[in-house]
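One structure is given below, encoded as structure tokens.
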Amino acid sequence: MADVRASVDFGPVMRALETVQSNLGGQIDSLGMEVGQARQDIKNTGSELQALRKEFLDYVEQATRTANVQRSETKVGSVKAQLDREFGHYSVVRRSSVGMLQAFDVGNVSNNAVQAISEELMIQSPRYWLAPGLVALAAWSRDDEGMAKKSIEEAFRRDRSKTSLFFALVLRRQGRNPAAVRWLRHYLASLDPHALTREFAVILEASSYGAFGPAGQALVAEKMATWVRELRNNQEIVESQVKNWIKEIGTRRDVVVQDGYEVLAQLAPGWSEMVQQMESASALPNLIEVYQAVRDHDSSIPSTLEEQLDQILDALVTDYDEEELPLRREVVYHEAVIEENGDLGRAQERADLLTKALEQTSDVVSLQTMAAINPEALGVSIQTQRVAIGVGQSDFRSAVHRFVANYRAHSVNHLDLNFDQNHSNYAQTYKFTGVTLNTATAEASGIEQLEQTWRTTMESYIDAASFKNKWYIKPGLIAGAICLVLLIISVVVGIVALVVGGGAVWFLGEQEKKKCGKKVADAEQARDNALALSVQMYRDALAQRTDAFLIYEELDDHEAEVLRMIDTWPTAVSSSEEVA
Amino acid sequence: MSGIFRNGRGLGSADHGGQLMPPSAGLQSMTVADNYALSQRKKARNAEVVDTVLRLDSAVDQSVQKELADWLRDRYSEMGVGELLGLFSKCYLGAPYVDHQIVLTGDIIQHFKPEDVVPVAFAANRRLVQSAAYLYIEVYADGQSIPIRADGTPAI
């Protein structure tokens, strides 16, 4: 028996088992490291791809805009060339008319020269009203009444309003006021207050400076008052002024630069609403800046009315005519595209507003609004703009009321923060179950909810990684089977095998427990890190929301100042009344 | 403003930058009421009306509520502003209530929690009443809503 006991040596078997176990363990560890590395690589690649996508989209947008700008730059050049080709000879007539008036002042040009040039222009410009006007002027200067009369009739036939206005201004320039006012009356009579032509703006300008003397000023003021009273009874016309003012206010909005709001933009689906209300409210301080400058503009009547008169006359003869309008509109649009850096939406909005001033006709109320909103496009001065804002005071006020009420009706104070499966790399890796927190929720409660959700999310990972007693079943069965076989062969060998096998199973079990314990600790660490990141994002989002809302409130507070500015407008005459 | 804004004429990145927000239906539907009613609505409400609304707002006793509501109904009818559905304002009762409607007949004051369904005509004004700029909002049968300021000025 002693021989049998001596001949069975389990040492090599145990060593072999240990070696196998150690090799296996080493290989599993190194595999684990490689998997970890691969996971990190995938994560990095994902983030890089996202960044690349954003850069690409930004690039595409920028490229589209640059292309729009380039196209418009080319187009502006060609349209301007076309204008020059088709209407260039009008410029010659315009230049000659200015030159002729100056020559009359100086008296250094012979009547024959004036006659020859004006008659030549008459032949070259078959449809243009100013050409026979010049012939009439030349005839007038050499006392050729028959020719003057005939030419005036022709000019009058070509364009009644402009001819009347032209002679009203020229006669006023020559100091013949009663005759000038007669032409002016003629001119006003030719107008329909529902469909005023562009040059009526010139009259607004002239009357704001009293260029036609007291009689002329009274005539224009009376006519204007009658027209405005008549037209403002029509609520549709009034509403349309308010809408134009609302558009004007809209163009004063700034664009929110989203740097510093990244976390909020990522988590809050309602962020765009908050951006809109901030942008809308930003129009208020801008309005104050722009219109206070207009209000405080030095509006003292210029010492020499003659100079203003000349400028007005100059505007009449040098400004473009209706025939040129379609091409002028194109120029305005393409220039707007260039100015808006290729943003076609904004360019259209701006061009619409500008071309409104170029439209062939408009009613007297709309014309006043246009003079108030867009004096440059109408060719009137800031003095006229100030008067026009006073006339449209109630429309401006209504527009502010509505614009502000409109964005307030859509405004949000608090936002939902959506912590979804993609809110962080951890959330992506561990398939975060997701939680939505409102910024109105108390911070501590929000953090608790995040913590709870991360616990739930990681529960299954930790559970899967933890050591379970059922692990013993498999090696136990194998060891048991081996012992059973050995027991059948030899009871002693079997008993020894049982002891050794039991020991081996226990040893391997302890190793496994250690490994599982590490895995659980890793998962818990990952959960804590993930939670810390989510909490950081949550706090950042809360702070960013507070910042944004404070800015909105500060901007929104400017409403009272805007209304005060409108209510105290220096040239306004109307006042509000009570309904009951 | 700490440089958060880029001027509108600059390179705009926001895709909504070129558009105005759509006007709310309530502020624009002005088709039913006649011109006279519309022009009356644009005039300021007098101090007595504003004061009565304030008193009604805080009245607890139902008979007092009815008395004030009757007085207001008569005044609004005299003003010739057209058919008024009721008034809508911020509720100062505190949580859980956020706003309430005041109708001038029947069940006069009704308070709402954020999750409550507010009658359609009033619903569009839920965010607007939270603005401190307005005392209350008049809601008309033709769909128009007019915010009224503390001094009685209508914001229209």
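The values are calculated or read from the model by the stated rules, or taken from the named source; none is laboratory data. Everything numeric in this text was worked out from a predicted model, so none of it was measured. Here the Cβ is made from the backbone with ideal geometry for all residues, glycine too, and neighbour counts use every protein chain on show.
For the reader, a short list of remarks on this structure follows.
- Checked against the criterion of being closer than 30 Å to residue B:39 by Cβ and within 14 Å of chain B (Cβ to nearest Cβ), region A:412-422 contains not a single residue that satisfies it.
- Among the residues listed as A:93, A:135, the single one being touching a residue at least 40 places away in the same chain (Cβ under 8 Å), under 21 Å from residue A:168 (Cα atoms) and surrounded by 12 or more Cβ atoms within 10 Å (Cβ to Cβ): A:93
- Taking every residue in region A:206-218 that is modelled with pLDDT under 80 and pairing it with any residue that is aromatic (Phe, Trp, Tyr) and surrounded by 15 or more Cβ atoms within 10 Å (Cβ to Cβ), at least 6 positions away or on another chain, the pairs with Cβ-Cβ distances below 7 Å are A:206/A:212.
- Test: residue in region A:217-233 that is within 30 Å of residue A:174 (Cβ to Cβ), more than 9 Å from every other protein chain (Cβ to nearest Cβ) and assigned to a loop (DSSP other than H, G, I, E, B): no
Listed here are the residues, each with its yes/no results for (1) at pLDDT 95 or above; (2) surrounded by fewer than 16 Cβ atoms within 10 Å (Cβ to Cβ).
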| site | (1), (2) |
| --- | --- |
| A:502 | no, yes |
| A:508 | no, no |
| A:511 | no, yes |
| A:517 | no, yes |
| A:539 | yes, yes |
| A:545 | yes, no |
| A:568 | no, yes |
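- Unmet criterion (only one of (1) part of a helix (DSSP H, G or I); (2) within 22 Å of residue B:34 (Cα to Cα)) for residue B:129: (2)
- Residue match in region A:105-113 (condition: in contact with a helix residue (DSSP H, G or I) (Cβ under 8 Å, 6 or more places away or on another chain) and touching a residue at least 40 places away in the same chain (Cβ under 8 Å)): no
- Subset of region A:396-451 [free of Cβ contacts under 8 Å to residues at least 60 places away in the same chain and of a type in the set (A, V, I, L, M)]: A:405, A:409, A:435, A:440, A:442, A:444
- Verdict on residue A:336 being in contact with a Leu (Cβ under 8 Å, 6 or more places away or on another chain) and within 17 Å of residue A:203 (Cβ to Cβ): no
- Note on region A:406-424: residues that are crowded, with 21+ Cβ neighbours inside 10 Å and under 15 Å from residue A:531 (Cα atoms) amount to 2.
- Considering only residues in region A:243-289 that are β-branched (Val, Ile, Thr) and away from chain B (no Cβ under 12 Å), the one that is farthest from residue A:368 (Cα to Cα) turns out to be A:263.
- Cβ-Cβ under 8 Å pairs, at least 6 apart or on other chains, region A:2-21 side of a type outside the set (S, T, N, Q), far side at pLDDT 65 or above and outside any helix (DSSP H, G or I): A:4/A:490
- The set of residues from region A:464-505 being closer than 24 Å to residue A:32 by Cα and more than 60 Å from the chain's Cα centre (by Cα) comprises A:468, A:469, A:470, A:471, A:472, A:474, A:475, A:505.
- Some residue of region A:172-182 being among the hydrophobic types (A, V, I, L, M, F, W, C) and under 26 Å from residue A:374 (Cα atoms): no
- Residue A:118 vs. criteria of a type outside the set (A, V, I, L, M), part of a helix (DSSP H, G or I) and in contact with a helix residue (DSSP H, G or I) (Cβ under 6 Å, 6 or more places away or on another chain): yes
- Of all residues in region A:126-173, those satisfying the criterion of being within 53 Å of the chain's Cα centre (by Cα), aliphatic (A, V, I, L, M) and farther than 17 Å from residue A:96 by Cβ are A:152, A:165, A:168, A:171.
- Candidates A:440, A:444, A:427: the one that is of a type outside the set (Asp, Glu), surrounded by fewer than 24 Cβ atoms within 10 Å (Cβ to Cβ) and outside any helix (DSSP H, G or I) is A:440.
- Scanning region A:535-572 for residues that are within 22 Å of residue A:293 (Cβ to Cβ), of a type outside the set (D, E, K, R) and part of a helix (DSSP H, G or I) yields A:555, A:560, A:562, A:563, A:565, A:566.
- Criterion (more than 30 Å from residue A:426 (Cα to Cα) and under 24 Å from the mean Cα position of the chain (by Cα)) met by exactly one of A:19, A:66, A:74: A:66
- Entry remark, region A:510-550: residues being closer than 26 Å to residue A:282 by Cα and of a type in the set (A, V, I, L, M, F, W, C) number 6 in total.
- Only one entry in A:532, A:523, A:481 is of a type in the set (A, V, I, L, M) and either surrounded by 14 or more Cβ atoms within 10 Å (Cβ to Cβ) or not in a helix (DSSP H, G or I) (or both), namely A:523.
- Residue check for residue A:380: within 14 Å of another protein chain (Cβ to nearest Cβ) and aliphatic (A, V, I, L, M): no
- Applying a threshold of 7 Å to beta carbon distances and a minimum spacing of six or more residues, or different chains, the list of pairs starting in region B:107-118 at a residue that is farther than 14 Å from residue B:87 by Cα and ending at one that is part of a loop (DSSP other than H, G, I, E, B) and modelled with pLDDT under 90 reads B:113/B:96; B:113/B:97; B:113/B:98; B:114/B:98.
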